[in-house]
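The values are calculated or read from the model by the stated rules, or taken from the named source; none is laboratory data. All figures in this text were calculated on a predicted structure; none of them were measured in a lab. Virtual Cβ from ideal backbone geometry, glycine too; neighbours counted across all protein chains shown. Protein only, heavy atoms only, side chains kept; ligands, DNA and RNA dropped before computing areas. Shrake-Rupley method; radii C 1.70, N 1.55, O 1.52, S 1.80 Å.
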Amino acid sequence: MSVESLLETLTRRPPFRDFVTHVEERPARTAREGWLAEPLAPPLARYLAQRGLVLRTHQAQAIAAIRAGRHVLLSTPPASGKTLAFNLPIWERLLADPEATALYLYPTKALAQDQWTSLTALAAAVPARVLPAVYDGDTPPGQRARIRAQSRLVLSNFYMLHQTLGWAHQWERFWSHLAFVVIDEAHVYRGVFGSNAALVVRRLARLLDAVGAAPQYVLASATLANAAELAERLTGVDPSHLDVIDDDGSARGQQHFVFYNPEALGPGLASPHQETARILAAGVAHGVQTLVFAVSRQLAELVARQARALAAAEHAPFGDQVAPYRAGYLPSERRALEGDLRSGRIRGLVSTNALELGVDIGSLGAVVLSGFPGTMVSVRQQAGRAGRGEDASLVVWVPFADPLDQYLARRPAVFFGRPHEHAVIDLGNPYILSGHLLCAAAERPLDRPAARRFFGPAADGVLDQLQARGLLRETPRGLVYQSRPAAHQVVALDATGMQATVKVLREGEGGEAFVLETMDWTRALSEAHPGAVLLHGAETHVVSSLDLTHYVAAVKKQRVDYWTEPMKSVVIHILEERDAREHGALKLAWGDVEVTEQVVGYKTRRGDEVVAQDTVDLPPVTYRTRALWFALPEAFSRQRRLERANLPGGLHGAEHALASLMPLWVLCDRRDLGALSVWHHPDTGAATIFIHEHAEGGIGLTERGFDRARALAEATHALVRDCPCQAGCPSCVYSPTCSSDNLPMDKSMASEVLAQLVEIPPDPE
Ligand SMILES: [Zn+2]
Ligand SMILES: [Zn+2]
């Protein structure tokens with residue numbers, strides 16, 4: 001296999017070379033060996049020696065810090081041996097203290113299973129009863145009591161922990177000897193889910209405090225702009241007791257990172273999917289094992305199909321060496337696939353990001369990223385799959401015609417520069433906090449000082465409200481929850497509120513229905529209206545009805561090749577301005593708003609085309625959240641009106657582009673944000689652009705956005721100004737999800753509006 005010849009084909013030969021806009025050479029690095037002041041316990045030293053493993057500097061640092069009783073955050077690249085670095089000192093303790101226990105938390109069940117397999121090998125190598133066990137929703141009831149009674153290392157997830165805390169008496173042995181809490185893939189815990197997870201950790205800490213346990217927290221995270229802050233927010237540890245280890249001492253082969261931009265010849269002239277298939281076919285033809293990451297399962301299948309068609313057209317024999325990788329593969333299917341990869345029977349694999357999170361299928365010669373996976377964190381995780389040991393590897397990124405993709409495609413220095421993404425966790429959201437305070441009171445009577453100590457200053461006000469609503473009752477031992485249903489049943493970790501949660505029922509084969517998922521009322525109105533296509537995991541479902549009185553949406557599993565986009569009317573009312581930065585009459589502000597949304601219809605799309613448009617009859621929904629907004633100087637607007645310029649079209653274009661780029665600084669999905677522009681807003685008295693959060697109460701996204709608003713405005717201005725299109729395109733001001741069909745729209749006016757916004761005072765820090 002030759003990565004070099006594949007690189008040469010891409011950069012020298014037509015048609016490939018015309019699309020290659022940048023090649024970043026990331027030099028090879030030799031390993032730096034780490035040394036321990038005290039040697040490892042003999043069984044662990046033997047375990048390493050038998051596998052020919054040598055400790056690297058960052059691993060030795062982690063071992064020293066964990067031995068010294070510090071909390072540790074390991075933030076080094078994928079495949080740098082983070083897992084080994086924390087397992088060695090933790091197992092040393094498990095060997096030395098026959099009662100000590102450890103809890104390992106993973107974001108997915110598949111990952112916990114994978115890790116369990118390797119921990120079992122470690123268990124076999126040491127003379128101690130550790131009995132690592134997975135305890136999650138799939139654990140057979142018959143095994144649970146034994147795990148609680150005997151296991152000293154439990155692998156689980158936050159959903160399970162949330163449920164388990166209500167049964168603390170059953171876990172007394174495990175909790176009272178808990179020495180370590182490991183949170184792997186910690187960057188996943190951000191936004192609504194991260195805020196919920198952080199409060200689950202606070203509930204755990206309070207129960208542990210009651211039984212005299214104070215574990216060390218060990219986190220492994222991808223590189224972020226604020227990894228240490230994330231670790232502190234997630235666990236509540238004192239920053240002065242936390243060591244951040246991020247200087248990677250592992251070896252790395254040379255990596256060629258190619259930007260392959262289908263937009264390079266002009267907007268919309270080439271299809272990114274077809275180009276991805278072409279690169280995959282070239283990789284396989286060169287004998288280089290190639291893994292493609294696609295942003296959806298539909299696209300993964302499309303790319304695999306096109307690559308096979310290319311092989312057939314060239315009478316090349318490699319068509320059957322290309323396979324898709326699907327979410328939900330059984331471990332046995334994965335083992336078979338790994339075997340086929342090792343033997344070379346499979347040379348091209350097309351996957352969704354199901355493969356991104358740690359699951360081990362080995363590394364490959366080349367990785368192709370089809371589209372921007374949403375975050376630089378994901379880019380680094382996916383690119384990290386390329387490169388076996390110290391061999392050279394190739395990563396090809398194929399950006400889509402999308403603002404974020406094209407902004408980065410034209411700025412390699414930003415792409416490869418220091419991380420700018422912030423993971424946000426909000427402990428003060430009253431909707432999220434109230435649910436966890438109810439759970440805490442159900443787990444153990446809750447007194448006010450403890451509530452403040454573990455749940456922060458916002459707890460007092462929320463407890464007052466819960467008492468006033470009769471959900472908590474004062475007793476001599478503290479506040480207790482005694483209502484029905486059980487607190488743990490009403491609190492969902494991926495939602496903000498407790499009220500008005502819609503159950504999505506899937507009609508089963510035999511007529512019986514089961515709950516597919518639950519969602520906020522607001523989200524249900526826009527994503528689960530009749531006719532909507534709902535994606536769950538990788539499967540499509542069509543909504544047959546939405547019952548507004550019983551909060552139930554009925555769906556049918558159905559394979560469809562189209563999707564739906566809601567059309568909404570939105571009104572924003574400012575409740576309270578919390579902070580502002582001004583430059584003359586230009587104002588940037590952040591605060592509390594009330595959003596009223598009404599879904600009035602939906603569009604059906606197939607590919608890039610709208611094939612149908614339907615209306616729906618749904619009530620408006622009003623919720624409080626947070627927003628940031630730019631209010632433009634009245635003089636600017638007056639002048640544009642005098643010139644009869646299309647100011648609304650300019651505001652609309654600027655609004656789209658700003659909202660598209662914000663996830664570059666604040667880690668979130670584009671769908672977590674809404675945006676609105678108004679040429680004269682009653683509350684500001686000026687032309688105003690809002691970016692608001694969809695989560696009730698807000699989870700800190702716009703607060704962080706406010707702190708990065710100047711950088712955001714500058715980047716957005718550069719994006720729109722430099723886009724080679726004439727009158728606006730999907731790479732700058734057009735949005736495929738716009739509920740008013742991108743009307744009105746004016747690209748050059750959008751550029752003028754953005755030129756105003758960059759005048760706001762500089763960002764803090
Ligand atoms: Zn454009
Ligand atoms: Zn729009």
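Among the residues of region 646-675, those identified as open to solvent by less than 30 Å² (accessible area, probe 1.4 Å), away from ligand 2 (no atom under 13 Å from the Cβ) and out of contact with any strand residue (DSSP E or B) (no Cβ under 9 Å at 6 or more places or on another chain) are 661, 664. The residues of region 402-423 that are surrounded by fewer than 24 Cβ atoms within 10 Å (Cβ to Cβ) and not in a helix (DSSP H, G or I), listed by number, are 402, 410, 411, 417, 418, 419, 420, 421, 422.
Within the set of pairs 6 or more residues apart or between chains, which connect a residue that is on the phi > 0 side of the Ramachandran plot inside region 477-490 to a residue that is surrounded by 11 or more Cβ atoms within 10 Å (Cβ to Cβ) with Cβ atoms less than 7 Å apart? Close Cβ pairs satisfying both conditions: 478/445; 478/446; 478/447. Exactly one residue among 705, 697, 728 is of a type outside the set (Ser, Thr, Tyr) and assigned to a helix (DSSP H, G or I), and that residue is 705.
Filtered by the rule that a residue be open to solvent by 10 Å² or more (accessible area, probe 1.4 Å) and in contact (Cβ under 8 Å) with a residue 60 or more places away in the chain, region 81-103 gives 81, 82, 83, 93, 97, 99.
Among the residues of region 22-49, those identified as under 31 Å from the mean Cα position of the chain (by Cα), assigned to a loop (DSSP other than H, G, I, E, B) and either closer than 15 Å to residue 87 by Cα or of a type in the set (A, V, I, L, M) (or both) are 28, 31.
In the set (1) at pLDDT 95 or above; (2) surrounded by 18 or more Cβ atoms within 10 Å (Cβ to Cβ); (3) farther than 26 Å from residue 49 by Cα, the condition left unmet by residue 110 is number (1).
Only one of the numbered conditions (1) of a type outside the set (Lys, Arg); (2) within 29 Å of residue 765 (Cβ to Cβ); (3) without any contact (Cβ under 8 Å) to a residue 60 or more places away in the chain; (4) open to solvent by 10 Å² or more (accessible area, probe 1.4 Å) is violated by residue 447, and that is (2).
Okay, residues lined up against (1) buried (at least 21 other Cβ atoms within 10 Å of the Cβ); (2) in contact (Cβ under 8 Å) with a residue 12 or more places away in the chain; (3) within 16 Å of ligand 2 (Cβ to nearest atom):
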position: 677; (1), (2), (3): yes, yes, yes
position: 706; (1), (2), (3): yes, yes, no
position: 711; (1), (2), (3): no, yes, no
position: 727; (1), (2), (3): no, yes, yes
position: 732; (1), (2), (3): yes, yes, yes
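Taking the condition touching a Phe, Trp or Tyr at 6+ places or on another chain (Cβ under 7 Å) and at positive phi, does residue 371 pass? So residue 371 passes the test.
Report whether or not residue 736 is within 12 Å of ligand 2 (Cβ to nearest atom) and in contact (Cβ under 8 Å) with a residue 60 or more places away in the chain.
When the stated conditions are applied, residue 736 passes them.
Would you say residue 754 is open to solvent by less than 20 Å² (accessible area, probe 1.4 Å), within 16 Å of ligand 1 (Cβ to nearest atom), under 25 Å from residue 593 (Cβ atoms) and touching a residue at least 12 places away in the same chain (Cβ under 8 Å)? Yes: the conditions hold for residue 754.
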